[in-house]
1. Identify the residues of region 32-68 with backbone N under 19 Å of a label point that sits 7 angstrom from the Cα of ARG233 along the Cα-to-Cβ direction, or state none.
2. Just subtract the alpha-carbon distance of ASP111 and ALA36 from 0.36 nm times their residue separation and send over the number in nm, one decimal.
3. How far apart, in nm, are the 7 Å Cα→Cβ label points at ALA18 and GLU163?
4. What is the gain in length, in nm to one decimal, between TRP152 and HIS131 on full extension, counting 0.36 nm per residue of separation less the C-alpha to C-alpha distance?
5. Identify all lysines with a Cα-Cα distance to LYS153 below 19 Å; exclude those on the same chain that are fewer than 8 residues away in sequence.
6. Computed from the mean reciprocal separation of all distinct C-alpha pairs, what Kirkwood hydrodynamic radius does region 1-148 have, in Å?
7. Pop the C-beta distance of ASP143 and ASP122 into the FRET formula with R0 = 22 Å and round what comes out to the nearest 0.05.
8. What is the packing order of peptides 21-28, 220-227, taking the mean over residues of other C-beta atoms within 10 Å and listing the highest first?
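Please treat every number below as a calculation from the coordinates, not as lab data. Nothing here was measured: the structure is a model prediction, and the numbers come from that model. Here the Cβ is made from the backbone with ideal geometry for all residues, glycine too, and neighbour counts use every protein chain on show.
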Amino acid sequence: MLRFLFDEPQREAEGILAETFRLMDQFVAILNKKMAAGEDNVQKLRKYEIWTLGLRSSLDELEQSHYVALHFQHKITSSSVKQMTDEERIHYNRYTYFDKNAFIRVFSLLDKLGTLLNELLDMRTERIKPHFSYFTVLRNMRDKQAHTVLMWKLNHAKEKYKEPLNRLRKRRNTEIHYMNSEMQDDLIQSNRMYGEEVRLENIAEQSADLTQGLYLAMESLLFTFQYACGLMRNKQP
């Protein structure tokens, strides 16, 4: 989709991204087969289909935003905004836009996944917390020791990416509730270096965190839809 910005052909999904898309498509195919067979719970199956297609689009959008953010990040060489040429400042502004777009999408995707998991697995997390997140659903699965095969895989992925995810969450919360996340770094530095030139935030580290966030999203979807395909195949009408 966004690769046209660089006169590049459309992405050909490979590796874990391709496998995740394949499993999501497989789950939708299973749902369609059950609906065509005239099962009574068509409305619920249709809802699962729509949610899955939405998650597929969300993953595509996240991957594209991540790709573009990294493309512009690699064009930035100055150590502060003040040192940038006009062209580099444009690259920086574009990097900031797509990076921000991507790290917000990481949490949006995971929360959509939590909604699907909660209903598909009948976790009833809304009884614990009406406005729950993906992480609340996962904690509920742990507390109830429900669907343990899937739960341990999802929990392992969460722990594996815990540190970059915490940094992304902090940036997300700053962006949504307080100020532009890139300006938070400027504020912190200006308080420490009064009268000195404010250096650029560590955009290489930020990009590395974003990549880890993308992999957390992909792995969480991969494990979920591996499990969901087996669950739906074995479910009696």
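1. From region 32-68, the list is 32-37, 49.
2. Numbers: separation 75, 0.36 × 75 = 27.00 nm, distance 2.95 nm.
Fully extending the segment from ASP111 to ALA36 adds 24.1 nm.
3. Between ALA18 and GLU163, the label points sit 3.2 nm apart.
4. Numbers: separation 21, 0.36 × 21 = 7.56 nm, distance 2.35 nm.
Length difference between fully extended and current span is 5.2 nm.
5. LYS112, LYS144, LYS162
6. Details: mean 1/r = 0.0552 Å⁻¹.
Its Kirkwood hydrodynamic radius stands at 18.1 Å.
7. Working: r = 15 Å, r/R0 = 0.67.
The formula returns an efficiency of 0.90 here.
8. On the way: 21-28: 18.1, 220-227: 22.4.
Result, highest mean Cβ count within 10 Å first: 220-227, 21-28.
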